[in-house]
Amino acid sequence: MTAPPPVSAGTAGTNRSDETARASLEALRSEIAKAVVGQDPAVTGLVVALLCRGHVLLEGVPGVAKTLLVRALAASLELETKRVQFTPDLMPSDVTGSLVYDARTAEFSFQQGPVFTNLLLADEINRTPPKTQSSLLEAMEERQVTVDGTPRLLPDPFLVAATQNPVEYEGTYPLPEAQLDRFLLKLTVPLPSREDEIDVLTRHADGFNPRDLKAAGIRPVAGPADLEAARAAVARTSVSAEITGYVVDICRATRDSPSLSLGVSPRGTTALLSTARAWAWLTGRDYVIPDDVKALALPTLRHRVQLRPEAEMEGVTPDSVITTVLAQVPVPR
């Protein structure tokens, strides 16, 4: 997945055109780049997730700016944001909220947890036990939490951006398949290139402080109205019957792969179609082409498949299996 071409900036207004909404979201990339160097695919993936009302799992080794990336996104949006540091002693009520007894009224009242926000940063999500991880399942899928039998709606928009690292497995709890499947995208945050790392050091030498994003010049450039207009535009992006069949064929092929014990579920099929539509709109088209599907196949599907033990021992990865599938499935003309 590469970044879409730049779009000229538009003016803000209550009735935003498609181009203006697209320009507002494109401006997010420029703002985040003031703090994060060389992670354009991850930034674009976060924008795609916003358009699709999905959630994002960011994976990378420590120190590659996963948390900074989400914080920079939050600073670039006119949205409420909260952060939860997932630890082994974190309880479900610490995320969702709980009933609190008020001695003055002699009644219990609900105290909202940090999940009641627009953008929730779930930092190091795999360091908390499954019981606490599962507290996010209902929130991510139903956009609500149920406490004491009463469902409570979450704000709209609502996005969970979770981080985890692929090393330091001691004291971690791998996310179950059911929860992984609820993440729209799994984005890998790689180590920077030599040029990008030099740029990072140069910025720090010039006084950049990752804990003070305002000083870096990051300002809100998009808000709920921009997202609403953009989502409406994405919903109007047309998909031909051939493209629909292509998406289904790709996902069904993963279920027949000899390297996989678990292929892509129907939820993954709908996710791939959704992300392809968002990508098509971001690149300036109102229709989806096969290249849009290919561009989003890896981040949309890599966490929805499970390798057989023998394939894993041979060095096969989910990305390599999906790449092979993309090469084998006929592309519609």
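The values are calculated or read from the model by the stated rules, or taken from the named source; none is laboratory data. The structure presented is a predicted model; accordingly, all values stated were derived computationally and were not measured. Here the Cβ is made from the backbone with ideal geometry for all residues, glycine too, and neighbour counts use every protein chain on show. In case anyone asks, the SASA skips ligands and DNA or RNA and just uses the protein heavy atoms, side chains included. Shrake-Rupley method; radii C 1.70, N 1.55, O 1.52, S 1.80 Å.
The condition of being open to solvent by 60 Å² or more (accessible area, probe 1.4 Å), polar (S, T, N, Q) and touching a residue at least 12 places away in the same chain (Cβ under 8 Å) holds for only one of T132, T188, T163, T202, that being T188. If we keep just the residues of region 218-250 that are part of a loop (DSSP other than H, G, I, E, B) and either farther than 27 Å from S17 by Cβ or of a type in the set (S, T, N, Q) (or both), which is least open to solvent (accessible area, probe 1.4 Å)? Here the answer is T237. Take G315 and decide whether it is small (G, A, S), over 26 Å from S24 (Cα atoms) and either modelled with pLDDT of 95 or more or exposed (fewer than 14 other Cβ atoms within 10 Å of the Cβ) (or both). Against the criterion (small (G, A, S), over 26 Å from S24 (Cα atoms) and either modelled with pLDDT of 95 or more or exposed (fewer than 14 other Cβ atoms within 10 Å of the Cβ) (or both)), G315 qualifies. Applying the condition of being under 19 Å from L180 (Cα atoms) and in contact with a Gly (Cβ under 6 Å, 6 or more places away or on another chain) to region 56-95 and asking which residue is least open to solvent (accessible area, probe 1.4 Å) yields V95. Search region 56-72 for residues being among the aliphatic types (A, V, I, L, M) and assigned to a loop (DSSP other than H, G, I, E, B), and hand back the single one that is farthest from D18 (Cα to Cα). Here the residue is V61.
Within region 71-85, residues that are within 13 Å of A122 (Cβ to Cβ) sit with their Cβ atoms under 8 Å from residues that are assigned to a helix (DSSP H, G or I) and hydrophobic (A, V, I, L, M, F, W, C), at 6+ positions apart or across chains, in these pairs: T81/A74; V84/V95. Region 73-183 holds helices (runs of 4 or more DSSP H) entirely within its bounds, and those carrying 3 or more residues that are not hydrophobic (A, V, I, L, M, F, W, C) map to 92-96, 130-133, 137-142. Suppose we filter region 269-287 for residues that are farther than 23 Å from R255 by Cα, at pLDDT 95 or above and open to solvent by 10 Å² or more (accessible area, probe 1.4 Å); how many remain? Final tally of qualifying residues: 3. Taking region 96-109 as the range and being touching a strand residue (DSSP E or B) at 6+ places or on another chain (Cβ under 9 Å) and open to solvent by 50 Å² or more (accessible area, probe 1.4 Å) as the test, the residues that pass are L99, V100, Y101, E107, F108, S109.
Restricting attention to region 16-55 and to residues that are outside any helix (DSSP H, G or I) and closer than 24 Å to E197 by Cβ, the residue that is most open to solvent (accessible area, probe 1.4 Å) turns out to be K34. Filtering region 288-312 to residues that are within 18 Å of A42 (Cα to Cα) and open to solvent by 70 Å² or more (accessible area, probe 1.4 Å) leaves only K294. Given the condition among the polar types (S, T, N, Q) and either touching a His at 6+ places or on another chain (Cβ under 8 Å) or modelled with pLDDT of 90 or more (or both), answer yes or no: does some residue in region 177-184 qualify? Scanning region 177-184, I find no residue that is among the polar types (S, T, N, Q) and either touching a His at 6+ places or on another chain (Cβ under 8 Å) or modelled with pLDDT of 90 or more (or both), so the answer is no.
Annotation: of all residues in region 252-268 being more than 24 Å from the chain's Cα centre (by Cα) and among the polar types (S, T, N, Q), the one that is surrounded by the most Cβ atoms within 10 Å (Cβ to Cβ) is S257. Would you say V7 is farther than 30 Å from A178 by Cβ and at pLDDT 90 or above? In short, no.
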